[in-house]
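Peer 1: The following block contains the structure, expressed as structure tokens.
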Amino acid sequence: MRTHFDVFGLKRGYDVDVPALEKQYRELSLQLHPDRVAQASARERVQALEGTTALNEAFKTLKDPVRRAFYLLKLHGIDLDREDAGAQKDMPLEFLEEVMDLREALDTAIAKKDLGRARAMADDVEARKKAALAEAAGALRTLEAGEVADGGQELVRKASHALGRVRYFTRFLEQVDAFEEEIQA
Amino acid sequence: MSKNGYLQIHDPLKPKGQAVGIDLGTTNSLVAAVVKDTPVCVPVDEGDSPLLPSVVHYAQDGGVVVGARAKKLASEHPTDTIASVKRFMGRGPDDAETRKLGHHKFAPGAKVIRFDVAGGTPVTPIEVSGEVLRALKRRAESHFSSKVEQAVITVPAYFDDAQRQATKDAGRLAGLEVLRLLNEPTAAALAYGLDKGSQGTFAVYDLGGGTFDISILKLVDGIFEVKSTSGDSALGGDDFDRAIAQRVLESLGETAPSPALVAEVLAASRKAKEALTDAASVELTAGGKTHTVKREDFDTWIQPFVQKTGTVCRRAMKDAGVAAGEMDGVILVGGATRVPAVRRYVAELFGREPLGDIDPDQVVAMGAAVLANLLTTADRQDDVLLLDVIPLSLGLETMGGIVEKLIQRNSTIPTTAAQVFTTFKDGQTGLDIHVLQGERELVEDNRSLARFTLSGIPPLAAGMARVEVRFQVDADGILSVSAKEQSTGVSQSITVKPSHGLTDEEIEQMLLDSIDHAEDDIQARQVREQRVDAERVLAEADRQLREHGSLLQDGERAAIDAAIAQVQALMKGDDHLKLKEAVHALDEASRPFIERVMNQAITQVVAGHSVEDY
């Protein structure tokens, strides 16, 4: 299977040089984009459309550390984007408690229209998200380096739990943003 | 024929004629093309104006008038004259935008908006826009003495799929191959970027007649990468007009004004708004009374609209991950950015004076012309490329009326995304697919683009059948959806036809009708031209016979008279080819006689007489 890393001719791994990736993206776009072959045959234009679509997808995934981590985990067989993903059901109990506490506190702030409180919570959650992502990144780096015991089962689970938290925190931050926009409007 | 025969002109280097860029605006529309490496707007209306008012008048006799002449007919025939039709593109009769203060009369029933106009059947916004595009195409053709068949048409960046599809259909109706739907702010950046060879991060603030767009772009080495776009497709300079008009109607004590009065007051309000750009206070006459409008009052009335643009700008900057102070330039587009209060607001918001050295009315059409030229250049040597984004997220309805987003807003296009759904009942053989566009969580708060049912799923236990739904968005920002059951490979693919658009069959029929009409038009014009030609020949023959009858030889007179009678008879008919033959026959019959007349004249000049003596 052709991975997003293959599109850019990169070695699969968590660490990506984003400025270099951006430069390469622009160069590849110039070669592949449908606009560059607007007068060519229908077949060439379809190829250009498909090539550019794949390139855009790969670029979007690899330039963003969070998306990149989710993608690597998916390559290890766990797709957190799927609603029926078993991994979601198997989050540790402490995390569920954390979620409920945060949820309750945010609902209170929104009910009171307390933007300051919501923003303060967002800052705290932002830090937790960063820590969770770092944890996932650590596990993924080790996994990608290879030579791990039990075929990497334990590391995959660690990355999966960490990214499950990242996902929840991201949604939380989106809710704060939406609340902020609502207050400003 | 040749002087009017531009339709026949064929430039082998440009088999499809001149490629143009079209700004299909709410208030005015423009057409531009690249001539000698420079984009120029084509004169399209009275006084060689490059602005064609986007106003279409439908006359009682079925005729259609577009532009300044149509605009003048608006107050007399308010319901037969459609203005600002762009506001209605891809919308339904129940949209809030449709119900704003206006003078149009809608035909009842139907899910699609239809304007009730004179001269026959009601017309849809797509047809009205098609008339504007057709007028631009014709005027460009006569300007360039060349066919015009390919165009880049601009749309507000914030147009949703339904609005884009409607615009593309309007292009098809006008007989244009739409090379690309280009986002207006991106077009403006293209016009500026290529002009200045700029690099850096730019904001394009585009406040037109009926739409507001903001785009944040990064320019690096000729590549225009849109980082984010946002907007409000129901906010624009027309709202400023309505803000004045509402106050005027209030002061007239009109609670249920007639369409004619609304049209009159709106037109006067627009003029007042424009005058307030330079004057601190203006007089406005409408409804038989004169009103004074002060700029400071006007500024207060429009403040809510102007501030709304600020909220949208902040969202775009956040999505792009840039701060207001980080811009290398702010570009103003759209006539409404001439309003001083708007300029002040933009300068304050971004902390820098905006650029406005290209005419804000023309910059979008010019950028579109640049792209049209690039897309029709065979061997491209340039490194120019636009990487644009989709303005609104695309998703599917899932259990509980919640939208599951498949493609996030501000994703670079073309793009694709897929989601697998499983059946939820034992033996379920069909799956309803509801496609939505927008940012909200609940289905009813988003724009419904299409609904279809995937049938033929094998009856399995709940959760066993797996259906993959795939979205593909092309470089025009238009969505197609396909669905596939994974175990059997049953698949269905549709190009999303928005609920408020026209079906492909309807478009085809309209296209056929318009081609029929176009043939009628050409036919009628050729008959007219041939008649004029015949009249001229008859008058000439008559004069020569009267003045030089003595030079006729035996039998000549009878042959010439017969040929004249034949021409006169055919002039009453509609067959321009037969008429042309008869004129030719008359020429032939009278040639020896005319040659004798010429010879005699020359002989007499040589003999010392001037031709004038005869």
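Peer 1: For the stretch A:46-72, enumerate the residues that are more than 10 Å from chain B (Cβ to nearest Cβ) and within 25 Å of B:PHE224 (Cα to Cα).
Peer 2: The answer is A:VAL46, A:GLN47, A:ALA58, A:THR61, A:LEU62, A:LYS63, A:ASP64, A:PRO65, A:ARG67, A:ARG68.
Peer 1: Determine, yes or no, whether B:THR377 is within 14 Å of chain A (Cβ to nearest Cβ), in contact with an Asp or Glu (Cβ under 9 Å, 6 or more places away or on another chain), surrounded by fewer than 18 Cβ atoms within 10 Å (Cβ to Cβ) and without any contact (Cβ under 8 Å) to a residue 60 or more places away in the chain.
Peer 2: no
Peer 1: Looking at B:LYS137, B:LYS168, which one is touching an Asp or Glu at 6+ places or on another chain (Cβ under 8 Å), away from chain A (no Cβ under 14 Å) and assigned to a helix (DSSP H, G or I)?
Peer 2: One residue alone meets the criteria, B:LYS168.
Peer 1: Please list, ordered by residue number, the strands (runs of 3 or more DSSP E) wholly in the stretch B:11-76 having 1 or more residues that are hydroxyl-bearing (Ser, Thr, Tyr).
Peer 2: Ranges flagged: B:28-35, B:38-41, B:55-58.
Peer 1: Filtering the stretch B:405-433 down to residues that are buried (at least 18 other Cβ atoms within 10 Å of the Cβ), under 36 Å from the mean Cα position of the chain (by Cα) and more than 12 Å from every other protein chain (Cβ to nearest Cβ), which residue is farthest from B:SER491 (Cα to Cα)?
Peer 2: B:ARG409
Peer 1: Specify the residue that is modelled with the lowest pLDDT; the eligible residues are those in the stretch A:33-54 that are assigned to a loop (DSSP other than H, G, I, E, B) and crowded, with 18+ Cβ neighbours inside 10 Å.
Peer 2: A:ALA38
Peer 1: Consider only pairs whose beta carbons are under 7 Å apart and that are at least six residues apart or on different chains; among these, list those whose first residue lies in the stretch B:98-121 and is exposed (fewer than 14 other Cβ atoms within 10 Å of the Cβ) and whose second residue is hydroxyl-bearing (Ser, Thr, Tyr) and modelled with pLDDT under 75.
Peer 2: Between residues of the stretch B:98-121 that are exposed (fewer than 14 other Cβ atoms within 10 Å of the Cβ) and residues that are hydroxyl-bearing (Ser, Thr, Tyr) and modelled with pLDDT under 75, the close pairs are B:LYS111/B:SER499.
Peer 1: Hey, could you check the stretch A:4-17 for residues that are within 17 Å of the chain's Cα centre (by Cα) and surrounded by 14 or more Cβ atoms within 10 Å (Cβ to Cβ) and say which is farthest from the other protein chains (Cβ to nearest Cβ)?
Peer 2: Here the residue is A:GLY13.
Peer 1: In the list B:ALA151, B:ALA234, B:ALA174, which residue meets the criterion of being farther than 24 Å from B:GLN381 by Cβ and at pLDDT 90 or above?
Peer 2: B:ALA174
Peer 1: Identify all residues within the stretch B:259-318 that are in contact with a strand residue (DSSP E or B) (Cβ under 8 Å, 6 or more places away or on another chain), over 30 Å from B:HIS77 (Cβ atoms) and among the β-branched types (Val, Ile, Thr); write none if there are none.
Peer 2: Answer for the stretch B:259-318, where residues must be in contact with a strand residue (DSSP E or B) (Cβ under 8 Å, 6 or more places away or on another chain), over 30 Å from B:HIS77 (Cβ atoms) and among the β-branched types (Val, Ile, Thr): B:THR309, B:VAL312.
Peer 1: OK, next. Does the stretch B:349-359 include one or more residues that are acidic (Asp, Glu), surrounded by 21 or more Cβ atoms within 10 Å (Cβ to Cβ), away from every other protein chain (no Cβ under 14 Å) and farther than 22 Å from B:SER228 by Cα?
Peer 2: No, the stretch B:349-359 contains no residue that is acidic (Asp, Glu), surrounded by 21 or more Cβ atoms within 10 Å (Cβ to Cβ), away from every other protein chain (no Cβ under 14 Å) and farther than 22 Å from B:SER228 by Cα.
Peer 1: Right, something else. Restricting to the stretch A:18-43, what's the tally of residues that are farther than 23 Å from A:LYS63 by Cα and polar (S, T, N, Q)?
Peer 2: 2
Peer 1: Only one residue in A:LEU21, A:LEU75, A:LEU30 is at pLDDT below 95 and more than 9 Å from chain B (Cβ to nearest Cβ). Which one?
Peer 2: Matching residue, one of A:LEU21, A:LEU75, A:LEU30: A:LEU75.
The values are calculated or read from the model by the stated rules, or taken from the named source; none is laboratory data. Since this is a predicted model, take the numbers as computed values, not measurements. So basically every Cβ, Gly included, is an ideal-geometry build from the backbone, and we count neighbours across all protein chains shown.
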